[in-house]
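Taken together, the values in this text are just the output of simple stated rules run on the coordinates, not laboratory data. What you are looking at is a predicted structure, and each value in this text was computed from that prediction instead of being measured. Glycine gets a Cβ as well: all are built from the backbone with ideal geometry, and neighbour counts include every protein chain shown.
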Amino acid sequence: MIVAMKENATEEQIQNVISRMVDIGFNVHRTTGTQQTVLAGVGSPASFDVQDFQLMSGVAEAHRITFPYKLAGRGFRPEGTVIRFSNGVEVGGKEIVVMAGPCSVESREQIFTSAKQVKASGAKFLRGGAYKPRSSPYSFQGMGIEGLKLLREVGDAMGLLIISEVMEISQIELMLPYVDCFQVGARNMQNFNLLRELGLARRPVLLKRGIAATIEEVLLSAEYILSGGNYDVMLCERGIRTYETYTRNTMDISAIPVLKHLSHLPVLGDPSHGTGRRDLVPALARASVAAGCDGLLMEVHPNPDKAVSDGAQSLFPEQFATLMEELRLVATAVKRSIS
C-alpha cells in the first residue's frame, strides 16, 4: 500500500499513519520528497480497508499496490530518485553522468593513465574491476585487494568517484573503504543473498540487468536492495541475450524509457556490453541519451588491443573524447546536460 501525505501534514499525523500501518502488519518505508512524504507499506496483512487510511488526518491519498515491486515503483517517489555523492555529483538529476574506464585494473600505470584520460573528457566516475567474474576459470580474474587500493588511490588523486563490481557477500566489507558505488553485474542480478546484504550496506548500488531478465525481474531484484533500507539504487541496461549473434548482446534501448516510466530509480546505459564492439558503442551511447538515460557506463582503455579483458569493446581514449562531444549535443537536444 502507498500512502501519500498532504504537503502540510504534521509529523504527528505522519507518525499516526505509520503506527496504524504497523499495527495491521505492514513494514513501513518512508520517503520525503520536495513536496510531500510518501509511506510504502510492504507485507501481507490479513485484511485492511484502504478507505480507513484515506480518511486519516494529513493523508492526501492512499491506494493498494497491484504490482509486485512495492518500493522500486514510481509511486514510492513520484518525483524520481536523485543519488547524491560526497563530492557533489548527482545521478538522476538534469545532468547525465558518465562512468568510464577499463574493464579491469591491470597495473598502476594503466589505471592512472585511464583515469587521467577519462576525466579529461568529462567522466565523473572511474570504472574498473578488481574482481572479475569470467566465463572461463582460466581467464584473468582481477587483482583483488591490490586493485581496490589502486582504484582508491587514483580516485583520490584525480577527484573521481570509484565504481567497481562486487561478486559475493564476503567482498562487501572489504570493498567499503575503496569504492563509492558497488556494481552488481549481470551474472549476479538474481543473487538474492548478495542483494539483501547490499540493502544493509548504505552505499549506492548500480544493478545491471541479467542477460535473460525481464524488466519486471530487474525491478524485483532492485526491490531486494530497497527493502533493506538502501534507496540509492541505479538500474543499468547492458543488453540481453537474443537469437542475434552479430553483437555480443542485444541492447534493449526501449528498456530505458520503460524503466523510467515504471520506476523512480535512475537508469543508465552500458553500450560496451550491449554490443561487444567498439565501433558500435558510440551509436548506442547516443541512442541511450536520446532515450532518456541518466548516465552511461563505458569501457575505455589506453591500449584496447593489449587489454587483458574486453579489449574488443573498449574505446580508445581519442574515440571516447570525440564521443563525449557528440553526447553533449544529444543531451542538449533532450534538455539535459553533460559537463
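For the reader, a short list of remarks on this structure follows.
- Seen from residue 190, the other residues with C-beta closer than 13 Å to its C-beta sum to a net charge of +1, counting Lys and Arg as +1 and Asp and Glu as -1.
- Residues residue 176 and residue 51, FRET efficiency given R0 of 41 Å [Cβ-Cβ distance, rounded to 0.05]: 0.35
- For segment 233-333, applying the loop criterion from DSSP together with a ceiling of 14 other beta carbons within 10 Å to the trypsin sites (Lys or Arg not before Pro) yields 241.
- Spin-label pair residue 247/residue 90, simplified geometry with 7 Å Cα→Cβ offset, distance in nm: 3.1 nm
- GluC sites (Glu not before Pro) within segment 17-115, DSSP loop, no more than 16 other Cβ atoms inside 10 Å: 79
- Segment 284-339: C-alpha gyration tensor shape, a/c 1.5 cut-off, then a/b vs b/c: prolate
- 28 Å tail of the calculated P(r), segment 83-333, as % of Cα pairs: 23 percent
- 3J(HN,Hα) couplings calculated from phi for segment 164-177 with the Karplus curve 6.51 cos²θ - 1.76 cosθ + 1.60 (θ = phi - 60°) are, in sequence order, 8, 7, 9, 10, 8, 4, 5, 8, 4, 4, 5, 7, 3, x Hz; Gly and Pro show x.
- Cα gyration tensor category, rounded, prolate or oblate, for segment 221-295 with a/c compared to 1.5: prolate
- For segment 121-220, the gyration tensor built on C-alpha atoms gives a prolate shape. Its axis ratio a/c (a ≥ b ≥ c) is at least 1.5, and a/b is the larger of a/b and b/c.
- Net charge over other residues, Cβ less than 10 angstrom from the Cβ of residue 37 (K, R count +1; D, E count -1): 0
- Among the trypsin sites (Lys or Arg not before Pro) in segment 9-113, those placed in a DSSP loop whose Cβ has at most 13 other Cβ atoms within 10 Å are 64, 94.
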